[in-house]
1. Once you place label points 7 Å from the Cα toward the Cβ at Leu283 and Ala103, how far apart are they in nm?
2. Which net charge results when you count Lys and Arg as +1 and Asp and Glu as -1 among the other residues whose beta-carbon is under 14 Å from that of Ala168?
3. Return the sequence-ordered ³J(HN,Hα) values of the stretch 354-367 in whole Hz as given by the Karplus equation 6.51 cos²θ - 1.76 cosθ + 1.60 applied to θ = phi - 60°, using x for Gly and Pro.
4. Quick one: which residues, 5 or more positions from Lys77 or on another chain, have an amide H under 5 Å from its amide H? H modelled 1.01 Å from N in the peptide plane, none for Pro or chain starts.
5. If I fit a long axis through the Cα atoms of helix 268-277 and take the longest principal axis of the Cα atoms of the chain, what angle between them do I get, 0 to 90°, rounded to 10?
6. Once neighbouring chains are kept in place and the probe is 1.4 Å, which whole percent of the accessible area of the stretch 353-485 is contributed by carbon and sulfur?
7. Match the structure shown to one of the listed values (1) 26.8; (2) 29.7; (3) 28.7 of Kirkwood radius over Cα pairs in Å, computed from it, and give that label.
8. Leaving out ligands, DNA and RNA, and with a 1.4 Å probe, what % of the accessible surface on the stretch 99-215 is carbon or sulfur?
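The values are calculated or read from the model by the stated rules, or taken from the named source; none is laboratory data. In this text the structure is predicted, and so the values were computed from the model without any measurement. All Cβ positions, glycine included, derive from the backbone under ideal geometry; neighbour counts span all protein chains shown. For accessibility, only protein heavy atoms count, side chains too; no ligands or nucleic acids. Shrake-Rupley method; radii C 1.70, N 1.55, O 1.52, S 1.80 Å.
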Amino acid sequence: MTDAISPPDVDRDVLSGDERRRRALILAGVALLAMLVYANALRNGYALDDESIVWRNPVVHGFGRLHDLLLGPYWQKSGDLYRPVTLFSFAIDWTLFGGSTAAMHAVNVLLHALAAVLVAAVVLRLGGGAIPAALAGAVFAVHPVHVEAVANLVGRAEVLATLFVLLACHVYVRGSPRSPGRIAAVCALYLLGLGCKEIAVTLPALLLVLDALRARAERETPWRIFVRNLPLLAAMTATLGIFLALRVKANGGLLGLPPAAYFVGISTADRLATAMSLVPEYLRLLLWPANLSSEWGPDLLRVVGWDSPRAWLGVAILVALVAAVIASWRRGRWIAAAVLWTALAIFPVSGIPFPAGTMLAERNLYLPSAGLAFIFCPLVAAVATQRRQVRLAAAGAFAMLALLGAMRTWTRTPVWASSRAVFEAMVEEHPDHWWAEWKAAVILANRGRREEALRWFEPALRKTGFNDVSIDLDYVATLRDLGRFAQAEPVLRHLMEVYPRSVPAYLDLASLRIEQGRYGEALALIQAAERIPRWGALSRVEIRNRRALALDGLGRVDAALADRAWTLRDPVVRASGPPWYHYARLLALRGDTAAARQAADRARARTVPTLREMVRIDPLPSLQDPLVRGWGPIVLSPASPAAR
C-alpha cells in the first residue's frame, strides 16, 4: 500500500466558495454524528469519581473557593493531581446549571463533538483531502473506546486536554513555528491543556510529528525539523516549568497519584515487561473495541515478567510498527504520523517512564486515538486507484464498521449512568475482577452484612497486595464496625509505610484510637497528619473533624467546640447529622442547653427517619455513640449513598 497523497494545503489561505461550503458540511456532519451517538448520555447521572470530584466537592459548587479551585489539588481529600482548568469548567457548570447532570453531560457531549471536528479539520489543514477528513472525524466521533471519557463527567479532563492540544495543532500548522505570536498562542494552549490533564505534556512531540507531515514533500530530516522548532520547544519547556511549579505548590510533588496497587514493589524489568504485554491490548482497543471494561488489572490483565509470551508479542508488534514508520517516512509519512502520534500520546501512561496509576484505562486512549485520523489519507489514496466495484466494497465496509462502532458506543454509554450501573456491568462482564469483588464487599457492608463483606474483601485485597488505599480503608472501616481493631491496625500501618503521605490512613488509625478511648494517641496521629504537606481541602475538614472528637475525649471542650464549629462551615458537613449531634453534645457540656437543643434538632433533621428518636441530649449522649462519632454499624446520614 502506498501512502502518497497530494501536496498539503496548509498555506492556501484562499479557498473557493464551493470548497468552503464543502468543508463546512463535512465538519457540521462530524459534529452532528458525535452528538447523535452520545444523545443517551444526557440521561446519565454521577458515576464513580463524579461523586467525589463533582457531586460532593464544594470547591466546584460555584466560585466561592477560588483559591482551592485554581491553586488546590484535583483530589481534595488526598491532595493528589493538579487539574485546575477541569475543576474550573465544573464550577462554571454548577453556576449555570445548579448541579443538573443532564446539562453537565450535554457539555461533555458538545466538547466531544468539537474535538471530533478538530480531528477532521487537522486532516484538512494538512492537505489530506475531504474524504479522508470526513472518515477521520466520523471514526473519532463514534469510536467506542471514547465512551468512558465522554459519558463519565470526570472524563471531561481527557476531552478538554485533547481539545487544547488539537487547537494548538491548528495554530501551529497555519504558519511558521518561529512566529512570536504563534509561539505565545501555542504556549497558552499548552498551559491550558496541562491544566486539564497531564497527558497534554506530549504536545511538543506531537507538533514535531505534524511538522514532519507538513514537510513531507521536501523530505526533511528529523534533525532539521527539530532545529527549526527550537524556539518553540524552548518556550514550551518554560511553559511546562511554570505548570510544574504550580503543581508542586498545589500537591507537593511532580508525579500524580501513587502507582497502581499491583505495581508497588515490582522490579523495573517486570514493569517494562508488563508495559510491553499491554501493546496488543492497546492495538485491540483502537482497532476492534468490542470488549470494554470500566476498570482493568487483575484478573483481566496481570503483571508479567519477560517469560510471558504476551510481553514478547508486544515487542514484536512494536518492531513491526517501527518498520512501518521507516517505510512511510520515505514516502507520504501519513502512516508514520499515525503510529508516532499514537505511541507518543500513550507513552506517559504506558508504565514505561514510571509506574502508572492504573494498568490500562480506556479514557487514556482519547488523545492517542486521534492518531488514527492519519491512516485514512493513504487508505483513500490506495482505494481511489481501484476499479469501481472495489471502491464500492470499501465504502460499504467502512459504513458497516462505523455503524457497528456507533451501536457499540450507544449501548455502552448507559453503563456510566451511575456507580451502581458501572458495578452491575462489571459483575456481568467480569465477575472475578478485583474491582467487582471490592464494590460487592462495600455494598454488603453498607447493608449491614459485614461478615459476608469480609469474604468479598479478601480476594480483592490479595490481588492488590493490600496496596490499594481505597480498598484497604473500606476494609478497615468494616473491621472497625465489627470491633476488630487488632485486625484493622496492621492494614493501616502497612498503608502508612507504603504511602507515607496518605492522610486518610493516619485519620483512620486515629478513628480506631477514638473508638478504643485512647484519645491522646488519636490526637498525636491527627497532628502527624497535619504535618503532611499539601493535603486537600476535604482532608483539612476531616482532620478538624477527628480532632474535635479527640479533644472532646480529653476533656478539652472549648478547643473541641472551636474545631466542630469550624467544620460546620463546610456545606457537606452541614448536610450531615453526626457533626450537629456532636456539636449539641459539646454545647450541653458547656452548659448552653438552648443552643444544644437547636443543634440536636438540626442533627435530627439530617438523620434517617428510623434513627431520629435516638438523637437527644437528655441524657447527655456518650462520645462512643455512633451517631455522635459519625461512624459505626448504622446508616448515619440521608445524604450518603448507603442511605439512598
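1. So the label points at Leu283 and Ala103 sit 4.7 nm apart.
2. Details: positive: Arg125, Arg174, Arg182; negative: Asp211.
Net charge around Ala168: +2.
3. With coefficients 6.51, -1.76 and 1.60, one gets 6, x, 7, x, 8, 5, 7, 9, 4, 4, 6, 8, 4, 5 Hz.
4. Long-range HN contacts for Lys77: Leu538, Ser539.
5. Its long axis makes an angle of about 60 degrees.
6. Numbers: 3500 of 5930 Å².
Using a 1.4 Å probe with all protein chains present, the stretch 353-485 comes out at 59 percent carbon and sulfur.
7. Working out Kirkwood radius over Cα pairs in Å from the coordinates points to (1).
8. Details: 1870 of 2460 Å².
The C+S portion of the solvent-accessible surface of the stretch 99-215 is 76 percent.
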